[in-house]
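Remarks on the structure that follows.
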Amino acid sequence: MNEVILLNLGFTNVYLLKADSGYIQFDTGWKFDVKKYLKLLEKKKIALEEIKLIVVNHAHFDHVGALKSVKELTQAKVLVHEEDSEYLIKGISAEVRPLKLITKIFLKFLPKSWTFYESVEPDIVIQDEYSLSDYGVNGRVIHTPGHTHGTLSIITEDGDAIIGCLAHAFPLRLKPGFPRIALDEEGVWRSWQKIIDEGAKRIYISHGRSPSIEYIKKKLKKKQKI
Ligand SMILES: [Zn+2]
Ligand SMILES: [Zn+2]
């Protein structure tokens, strides 16, 4: 079983998946998060060079803002989906579509300068999926669009599913559930179904406390009844 380690950076959760020799990292947080990230790594006694691969959930500033610095520090390879790769190369956030007034207000008051980040040239650009077996992980990176068109998740054979912004919790919404920001709502529902079909037992999200997979299943069932 590959251990999943949470690095709680505050607004954004970063995850490390224990591989054979080193770790696979999921996201990097805001550009202001580097110091906190380094502190948490030190606390967990993980060396920078142990990070072998960074999987980008999607190209929004709160996930890839620190990517340039973390890539340089760790020398890890960066993997992104083709649909979000252009944004990464330009250092801008992928298109955002808030679904609720509260997220509209949140985004309106967010200083524009916070949303820009240093551009990153990805090493691996995928369209569909990517096996992590070379890293000693029985798992894959899979395409789970909805929040953005290029949103990716990690799913392991043990049932760990790191899904990032495929679901949101506090502070983006009070109770965990459907992402408050999504370019393609139907895409989110389809990606939830995909995660379940892939055998997810535990899910890990980027903002707030991760809900159980049963909770996601219940929501999906309710939607299918409508
Ligand atoms: Zn996002
Ligand atoms: Zn986010």
Check the straight Cα-Cα distances from K218 and name the aspartates and glutamates below 19 Å, setting aside those fewer than 8 residues away within the same chain.
D160, E185, E186, D197, E198
Could you tell me the largest-minus-smallest coordinate of the C-alpha atoms of segment 1-127 on each of the three principal axes, in descending order and whole angstroms?
43, 30, 27
Check the straight Cα-Cα distances from K90 and name the lysines below 25 Å, setting aside those fewer than 8 residues away within the same chain.
K31, K35, K52, K68, K71, K77, K104, K108, K112
Relative contact order in percent for the chain (Cα pairs under 8 Å, 6+ apart) equals 17
Any lysines whose Cα falls less than 22 Å from that of K223, other than same-chain ones fewer than 8 residues away, would be K100, K175, K194, K201
Principal semi-axes in Å for the chain [√(5λ), Cα gyration tensor, largest first]:
24, 21, 16
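Coordinate-derived values only; no laboratory data. Only a predicted model underlies this, so the values are computations on that prediction, with no experimental measurement involved.
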